[in-house]
Protein chains: 2
Amino acid sequence: MITLSHGAGGKATQDLIKKTIMPRFRIRNVNFLGLDGLDDGSAVNVKKVGGKFFVFTSDSYTVKPLFFKGGDIGKLSVVGVVNDLSVMGAKPLAMHLNLIIEEGFDTGLLERILDSIGKNAEKDGVAILGGDTKVMERGKVDQLVISAFGVGVADKVITDAGVKVGDDIIVSGGVGEHEAAIIVEREGLNSTVKSDCASLSRVVQKILRVGGVHAMKDLTRGGLSMALNEWSEKSGVGLEMGEEKIPVSRQVRSICRVYGFDPFNLACEGRVVVACDPGKSEKILNILKRGNAGAAVIGKAVKGGEVVIRNRFGGRKILRPLEGVMLPRIC
Amino acid sequence: MITLSHGAGGKATQDLIKKTIMPRFRIRNVNFLGLDGLDDGSAVNVKKVGGKFFVFTSDSYTVKPLFFKGGDIGKLSVVGVVNDLSVMGAKPLAMHLNLIIEEGFDTGLLERILDSIGKNAEKDGVAILGGDTKVMERGKVDQLVISAFGVGVADKVITDAGVKVGDDIIVSGGVGEHEAAIIVEREGLNSTVKSDCASLSRVVQKILRVGGVHAMKDLTRGGLSMALNEWSEKSGVGLEMGEEKIPVSRQVRSICRVYGFDPFNLACEGRVVVACDPGKSEKILNILKRGNAGAAVIGKAVKGGEVVIRNRFGGRKILRPLEGVMLPRIC
């Protein structure tokens, strides 16, 4: 059981770090000073790492329940950070992990979550370089919050402002499955829907080798509509999407019907939208389809400043970003 | 008032970031892509920044009360990260800030904390490059937790393993004042003690120019005893300290007497211990004294593996790291 003394910075904290946390992370160093140093921070030798840019990202993970179909808060922390780095064109290199734990938290549960972090970080060759452990009194934090920071390297940084008129817009698979899976767990529903929570690092590296990628974005909070609206605003383009082209699984559709949610607002944790030169979109689509058969070209960038969805009868509506909240703490 | 929709990743989140958070941070960029990009992360051009090493550190701040004599959770987040980077020999460059806010949190209070972050970051020339905002339901987190990530650059990294036999050990001022100030706030005591919470960046840069610095450590959780024990273990040296040489203010002493605390276990947030070549210690001491008259040489590194405190009668005791917890959530 985790006690306040594990967060006091004294011997108990050191024991927790050395015996419970460190052994679960196999990659703990990037060309200099990492987790084993247990120092005030970590350090990376710039020249040995290469790359013109260091790319940074950070996110806190508060998802409840901690374990869900297709993932857990530990996996989410790693893939969340890895995906943000990946869509910026960076190779994920390292992470720092800040754990904020409720007093009384089960040590076995913490170990399972740390194992999941270790396994997922290792898959992508990501080092856990450091972090921080705080324990809050019972009732002062809900079980566990993980705040994660990621570092990557890139020779070229891809931003949300890169979409060009004429670009094809491709999505890597069915949307909304992460948030739908969380709804299912919380409401105790009977559904086979599984979170799409997964690393995009490898598939993004492959896509980048094709060339012609102008922007990428992983779909998280706010879902597809938020991502497309951000692109439209920052790139100064309109986006014309085909409603029936956007892949939404049968399970996600039925959950949305019951709760009155729009699937385009539901969060994913392993889907990416790509804006690319139309001459490259077939190659990119084929790479994405190897990972997920549902990948599809869903629209085009046009002149203008709005995200428009057309249905098969020719009707058009403007897709606005989420206002308010559908379901809290899905990530 | 902060609502769940501010953490949903949609329009309300964007508004909070653009209208409330961003304008409070004046430095938002380091040679490429920063906070204004509102992208999936930030990016720094390695060549333009210079330095052989990128240094990283991360910490979460859970202190209660949020405001205390000498500081607040916002100031603490900045100086905590800045100090960790500084003692590793790095010039602090940038931060990412993850806010975890309780639903219903007062917006005015959040603004005061953000102003404090902005002001303190600006003082040290530190950019706020990015971050994340989550809102947890009422009762699921205690007011506000800030998780901060810092990036610095260094040509030479200073580690805890650098202390050499024969080194002088210097402390930059009276110990334990931060934790004592938190005790005073929480218990409603009548005391003038003020947190030592302050940036060490400038003074550390000056000390490094003197040369002969083998190790530095800011005293945080676990206080002086934890720091000295870490040095002893990692550097494989003994440390002989003079009890009466270690500066402890009258106010800290009286608080420790009342609660039965050892001042050497109390946290600071703006004090540094320096292990240096004895030939350089006078110069270094003089620099530190300009900032705080209490700075003093408090001991020496010797052969062996223990931290020993000698009192003026010649008695010696071993100074062990804190076991258990004195006061939770002091930082």
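The values are calculated or read from the model by the stated rules, or taken from the named source; none is laboratory data. These figures come from a predicted structure and were not determined experimentally. Reconstructed Cβ throughout: ideal geometry from the backbone, glycine too, with neighbour counts over all protein chains shown. Areas reflect the complete protein model, heavy atoms only, side chains present, ligands, DNA and RNA absent. Shrake-Rupley method; radii C 1.70, N 1.55, O 1.52, S 1.80 Å.
Overview of values
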{"quantity": "Which listed residue, of B:D59, B:D40, B:D84, is at pLDDT below 95 and either under 24 Å from the mean Cα position of the chain (by Cα) or within 18 Å of A:S147 (Cβ to Cβ) (or both)", "calculated": "B:D40"}
{"quantity": "Flag for B:D15 being in contact with a Lys or Arg (Cβ under 8 Å, 6 or more places away or on another chain), assigned by TED's automatic domain parsing to the domain that holds B:M95 and modelled with pLDDT under 95", "calculated": "no"}
{"quantity": "In segment A:1-19, the residues that are more than 10 Å from every other protein chain (Cβ to nearest Cβ), buried (at least 21 other Cβ atoms within 10 Å of the Cβ) and not in a helix (DSSP H, G or I)", "calculated": "A:I2"}
{"quantity": "Filter result for B:K48 (without any contact (Cβ under 8 Å) to a residue 24 or more places away in the chain and either assigned by TED's automatic domain parsing to the domain that holds B:K123 or not in a helix (DSSP H, G or I) (or both))", "calculated": "yes"}
{"quantity": "Selection count, segment A:229-260, where residues are in contact with a Lys or Arg (Cβ under 9 Å, 6 or more places away or on another chain) and among the hydrophobic types (A, V, I, L, M, F, W, C)", "calculated": "4"}
{"quantity": "Elements of type strands (runs of 3 or more DSSP E) contained in segment A:225-331, each with 3 or more residues being crowded, with 16+ Cβ neighbours inside 10 Å", "calculated": "A:238-242, A:272-276, A:296-302, A:307-310"}
{"quantity": "Which numbered condition A:M22 misses (of (1) part of a loop (DSSP other than H, G, I, E, B); (2) more than 11 Å from chain B (Cβ to nearest Cβ); (3) open to solvent by 10 Å² or more (accessible area, probe 1.4 Å))", "calculated": "(1)"}
{"quantity": "Among the residues listed as B:D132, B:D115, the single one being over 14 Å from the mean Cα position of the chain (by Cα) and in a strand (DSSP E or B)", "calculated": "B:D132"}
{"quantity": "Within segment B:138-153, considering residues that are out of contact with any Leu (no Cβ under 7 Å at 6 or more places or on another chain) and open to solvent by 10 Å² or more (accessible area, probe 1.4 Å), the one farthest from the other protein chains (Cβ to nearest Cβ)", "calculated": "B:R138"}
{"quantity": "Single residue of B:K206, B:K156 found to be more than 30 Å from A:T62 (Cβ to Cβ), open to solvent by 40 Å² or more (accessible area, probe 1.4 Å), within 11 Å of another protein chain (Cβ to nearest Cβ) and among the basic types (K, R)", "calculated": "B:K156"}
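Residue-by-condition table, conditions (1) surrounded by fewer than 21 Cβ atoms within 10 Å (Cβ to Cβ); (2) of a type outside the set (V, I, T); (3) more than 14 Å from every other protein chain (Cβ to nearest Cβ):
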site	(1), (2), (3)
A:V30	no, no, no
A:G34	no, yes, no
A:V46	no, no, no
A:G50	yes, yes, no
A:F54	no, yes, no
A:V63	no, no, no
A:H96	no, yes, no
A:L109	yes, yes, yes
A:N120	no, yes, yes
